[in-house]
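Laboratory data are not the source of any read-out in this text; all were calculated from the coordinates shown. Keep in mind that what you see is a predicted model, and the values were worked out from it rather than measured. Using ideal geometry, Cβ is built from the backbone for each residue, glycine included, and neighbour counts are taken over all protein chains shown.
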Amino acid sequence: MNDTVLRLSGITKRFGSLVANDAISLALARGEVLALLGENGAGKSTLVSILFGHYVADEGTIEAFGEPLPPGNPKAALAAGIGMVHQHFTLADNLSVLDNVMLGTEPLWQPLSRRAAARRRLEETGRRFGLGVDPGATIASLSVGERQRVEILKALFRGAKILILDEPTAVLTPQESESLFATLAQLVADGLSVIFISHKLDEVLRVSQRIAVLRAGKLVATLPAADADKAMLAELMVGRAVPPAQRKARPAGAVVCALRGASLTGSHGEKRLDAITLELRGGEVVAIAGVAGNGQDALADVLCGLHALSAGTLAVNGAALPAKPSAWVRAGVARIPEDRHAVGVVGDLPIWENAVLERFASSAFSRLGVIRRAVAHEHARTLALRYDVRGTEAAGLETPTRALSGGNMQKLILGRALMGDPNAREGPSLIVANQPTWGLDIGAVAYVHQQLLDACAAGAAVLLISEDLDEIFALADRIAVMNRGRLVEARPTGEWTLAALGLAMADRRVA
């Protein structure tokens with residue numbers, strides 16, 4: 001390849017008996033977008049961590065612009081012109097755009113900060129690449145799309161010639177994604193090289209020139225994007241064909257959950273929910289779209305018994321429930337929380353304990369306050385088999401749950417939610433699924449989708465909270481949009497277009 005700016009040769013990294021990267025060799029050319037694909041646990045994060053010096057490879061070398069890159073030295077990676085925009089932004093909300101961009105670029109012993117020169121350089125960079133942001137604005141006042149521009153500007157300000165984008169559109173509206181793609185095209189035309197990490201195959205095919213696919217730590221394919229399609233990439237990632245989840249039209253049943261004028265006031269007096277009215281019926285999926293931070297988490301918390309409403313009413317199967325999670329679990333409400341690591345499981349507990357964690361006080365799993373370990377183990381074993389939870393080979397159900405991959409941890413949470421209490425004659429009547437496939441690969445996504453649709457077909461009402469619009473259109477019978485704690489009336493999916501949904505998320509009307 002001519003004009004190679006980055007070359008990884010034979011990169012191998014082991015963690016005990018696990019080979020996370022197995023002799024991986026890749027090259028990146030000037031002005032090229034190389035997409036990096038792979039299912040959860042395929043080795044993408046490890047490879048990028050080695051590139052940035054956070055890990056040291058056991059074998060192999062890295063060259064940037066023809067010069068060896070010292071291993072285990074993040075400062076050297078930055079000095080070589082390698083920058084990264086993380087999926088979860090690394091910005092200080094209380095500081096200005098200029099402060100965030102300058103942070104760490106001046107020595108501590110420099111007597112005066114050269115802010116005026118930095119501001120001029122930042123403004124010029126923004127104009128050049130269509131990344132206009134007010135340097136004096138605080139990060140907290142910016143939209144999600146604007147914050148991402150700041151992250152890119154921060155990398156360019158530091159002289160990045162190679163930019164790694166990790167799930168860059170995960171929290172963007174369709175319009176913001178289009179703006180990002182236009183910016184990328186301009187950056188690449190100017191000679192910037194990009195490694196594009198994403199689970200969204202449509203985007204990968206659109207923006208990249210070449211695609212590298214990792215599976216189980218090995219590089220299994222490198223091919224031109226023009227020669228690929230979604231089905232081919234999915235099969236390369238997981239090693240088998242991945243059929244999409246099948247949604248069948250069905251009539252909605254009785255009202256399972258009803259909110260009327262529901263409001264929730266935060267600890268500082270802010271309106272987290274503002275007079276929401278919503279009905280959820282058995283046998284249907286209602287999706288809530290919206291940019292992160294607009295009240296979706298508050299709605300999920302209320303529907304799991306974590307918070308009591310400040311005003312309005314809420315009934316499940318015709319009855320009001322106290323703000324007590326155990327009461328909601330007993331009432332047949334299942335939850336799939338957004339943060340599987342911090343909220344979904346207790347990582348240091350073994351798999352079998354997490355499998356019964358929400359129902360350990362049930363008579364099915366305890367007697368006189370003592371856990372019936374044999375019954376709990378059998379339940380966890382059935383769950384692992386039924387929901388294909390892998391990663392228990394070494395220590396079985398005693399494996400600490402934190403050792404599971406993201407996809408397998410999500411399957412454990414999904415199985416716990418959908419299997420419910422063995423003493424119950426029916427499955428859950430309401431499922432609150434908050435970002436159920438966030439960060440999962442295409443195989444795990446298809447599996448989770450099908451399980452939710454199967455539960456819905458069995459009569460459950462599903463509330464899907466998601467920032468993935470492809471997921472929403474694939475699963476939902478009705479879609480509502482949340483913005484600043486308010487809810488646009490849920491309408492049938494067929495009445496929405498992608499453009500209309502994006503504008504509603506940005507609190508603008510379709511022209």
Problem set entry | Vicinal HN-Hα couplings computed from phi for segment 479-490 (Karplus, 6.51 cos²θ - 1.76 cosθ + 1.60; Hz; Gly/Pro x) | 10, 10, 10, 10, 8, 6, x, 9, 10, 6, 3, 5
Problem set entry | Within-10-Å neighbourhood charge of Lys13 [Cβ basis; K, R +1; D, E -1] | -2
Exercise. Using modelled backbone amide H atoms (1.01 Å from N, in-plane), which distant-in-sequence or interchain residues come within less than 5 Å of Arg281's amide H?
Worked result: Val256
Exercise. How large is the charge dipole for segment 4-238, taken about the Cα centre, if only the Cβ atoms of Lys, Arg (+1) and Asp, Glu (-1) carry charge, to the nearest 20 debye?
Worked result: 560
Exercise. How many angstrom separate the Cα center of segment 243-274 from the Cα center of segment 365-384?
Worked result: 32
For this session: Could I have the simple spin-label model distance between Ala189 and Lys75, label points 7 Å from Cα toward Cβ, reported in nm to one decimal?
Result: 3.9
Seminar exercise, completed: In segment 420-511, the trypsin sites (Lys or Arg not before Pro) that sit in a DSSP loop and have at most 14 other Cβ atoms within 10 Å of their own Cβ are Arg425, Arg484, Arg508, Arg509
Exercise. Which percent, nearest 5, of DSSP beta bridges in the chain are antiparallel?
Worked result: 55
Problem set entry | Gap separating the Cα centres of segment 424-485 and segment 192-229, nearest whole Å | 27
For this session: Mind checking which of Ala331, Ile413, Ile211 is farthest towards the positive end of the chain's charge dipole, using Cβ charges of +1 (Lys, Arg) and -1 (Asp, Glu) about the Cα centre?
Result: Ala331
Problem set entry | Mean Kyte hydropathy of -0.5 or more with a Cα span along the axis of at least 15 Å, helices from DSSP in the chain | 144-157, 174-189, 373-386, 406-419, 442-457
Problem set entry | GluC sites (Glu not before Pro) within segment 363-437, DSSP loop, no more than 11 other Cβ atoms inside 10 Å | Glu393, Glu426
Exercise. Taking Lys324 as the anchor, which lysines have their alpha carbon closer than 26 Å to its alpha carbon, excluding any fewer than eight residues away along the same chain?
Worked result: Lys271, Lys411
Exercise. For the chain, what is the charge dipole size about the Cα centre, in debye to the nearest 20, if Lys and Arg each add +1 at the Cβ and Asp and Glu each add -1 at the Cβ?
Worked result: 600
Exercise. Can you work out ³J(HN,Hα) from phi for every residue in segment 52-68, in order, using Karplus 6.51 cos²θ - 1.76 cosθ + 1.60 and θ = phi - 60°, giving whole Hz and x for Gly and Pro?
Worked result: 8, x, 6, 10, 10, 5, 6, 9, x, 9, 10, 10, 10, 6, x, 10, x
Exercise. Which value in deg cm²/dmol, rounded to the nearest 500, describes the helix-derived mean residue ellipticity at 222 nm for the chain, given -39,500 (n - 2.57) per DSSP H run of n ≥ 4 and division by the residue count?
Worked result: -9000 deg cm²/dmol
Seminar exercise, completed: Projecting the Cα atoms of Gly266, Ile431, Leu233 onto the charge dipole of the chain, where Lys and Arg contribute +1 and Asp and Glu -1 at Cβ, the residue farthest towards the positive end is Gly266
Problem set entry | Candidate lysines - alpha carbon under 16 Å from Lys218, same-chain residues fewer than 8 apart omitted | Lys13, Lys44
For this session: Beta carbons within 10 angstrom, averaged per residue: use that to sort the peptides 6-14, 69-77, highest first.
Result: 6-14, 69-77
For this session: Quick one: what are the phi-derived ³J(HN,Hα) couplings along segment 212-217, Karplus 6.51/-1.76/1.60 with θ = phi - 60°, whole Hz, x for glycine and proline?
Result: 10, 10, 9, 8, 6, x
Exercise. By a straight-distance test (C-alpha under 16 Å), which aspartates and glutamates pair with Lys154 as possible cross-link partners, with residues fewer than eight away in the same chain excluded?
Worked result: Asp93, Asp99, Glu106, Glu123, Glu124, Asp134, Glu146, Asp166
For this session: Find the relative contact order for segment 4-238 and round it to a whole percent, using C-alpha pairs within less than 8 Å whose residues are 6+ positions apart.
Result: 28
Seminar exercise, completed: Inter-part gap, Cα centre of segment 5-30 to Cα centre of segment 302-345, in whole angstrom, is 45
